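> Below you will find the structure I want to go over with you.
The values are calculated or read from the model by the stated rules, or taken from the named source; none is laboratory data. All values reported here derive from a predicted model rather than from experimental measurement. For neighbour counting, all protein chains shown are included, and Cβ atoms are generated from backbone atoms with ideal geometry for every residue, glycine included. Accessible surface areas use protein heavy atoms only, side chains included; no ligands, DNA or RNA. Shrake-Rupley method; radii C 1.70, N 1.55, O 1.52, S 1.80 Å.
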Amino acid sequence: TVAGMYVIAAAITTVLKFAIPQSYCTKTNTTRDMTVAIKYIREHKRVFNLILLSICLQFIVAVFSNSLNALITDFYGLEFSDLTYLRTILGIGIIAGMFSTIYFARIMRTPHLFACGFIVLCITLITAPFCHDINDAWKWLIPIGMADALVIVIMDTILQKITADRVRGKVFGLQLSFSTLGFLVGTAMVANIVEFINPLTIFKGIAVISFM
């Protein structure tokens, strides 16, 4: 499913490339742009740390998402409709998190709000094994979705502010590439270990990573 989504995304990107008039496109040297972005990231520790956090977050999201699939369909033996329900609840949490970020950003300092997002993520993942009923799953999925959205919004906002205008597009492009790679690594990892490790144990593992 994940691979199919990336194939569709690549196809859409290709179509858009040919649909947009060439006069609106700026010719760039991809290799040179990547070199410039990598050099800038290496020279600016805060930018490097934020991109590293972005990669870790996408890895955590991938591990959680795919472990949830395994937990619902294999471990508890629930149907696909139940998985759809849980995905919907998670989506509601993400939307709520975006609105919450706007509100709390006015009354809390950014570092404190950023830390709270990871703490909530860690706590909900650690306590996930205590959820034994699908009707109680929203108590974990909504906080996880909110924390995920909160961290992503704040992280991208900070990165945009501290990155120079001349390299911002290049840096964000590199961040997207590595974050996508982190997601794919997390997906591949779960696919290979879920047969040997209880998904609930995987939740505890990514909780430790999020806390670190």
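> Scan the stretch 58-135 for trypsin sites (Lys or Arg not before Pro) in coil per DSSP, keeping those whose Cβ has at most 10 other Cβ atoms within 10 Å, and list them by number.
106, 109
> Starting from the eigenvalues of the Cα gyration tensor, five times each then square-rooted, give me the equivalent ellipsoid semi-axes of the stretch 70-212, largest first, whole Å.
On the way: eigenvalues 171, 75, 38 Å².
Sorted largest first and rounded, they come to 29, 19, 14 Å.
> Just the number, please: Stokes-Einstein D of the stretch 85-167 in µm²/s, Kirkwood Rh from C-alpha pairs, 10 °C, 1.306 mPa s.
Details: Rh = 13.5 Å.
Diffusion coefficient, whole number: 117 µm²/s.
> Still on this model: Quick check: from the Cα gyration tensor, does the stretch 40-100 come out rounded (a/c under 1.5), prolate or oblate?
Values: a/c = 5.85, a/b = 2.08, b/c = 2.81.
Note, shape of the stretch 40-100 comes out oblate.
> Go through 45/204; 139/161; 45/170; 45/139 and tell me which ones have a Cα-Cα distance over 26 Å in this structure.
45/204; 139/161; 45/139
> If you don't mind, there's one more thing I want to ask. Could you run the Karplus curve 6.51 cos²θ - 1.76 cosθ + 1.60 with θ = phi - 60° over the stretch 92-106 and give me ³J(HN,Hα) per residue in whole Hz, x for Gly and Pro?
Each residue of the stretch 92-106 in turn: 4, x, 5, 4, 4, x, 5, 5, 5, 4, 4, 6, 5, 5, 7 Hz.
> Then there's this: If you rank 122, 56 by how much accessible surface each has, with a 1.4 Å probe, what is the order from largest down?
Solvent-accessible surface, decreasing: 56, 122.
> Please compute the Kirkwood hydrodynamic radius of the stretch 139-200 from all pairs of different C-alpha atoms, in Å with one decimal.
One decimal place: 14.2 Å for the Kirkwood radius.
> Something else now. What relative contact order, as a whole-number percentage, does the stretch 63-212 give when Cα pairs under 8 Å and 6 or more residues apart are counted?
41 percent
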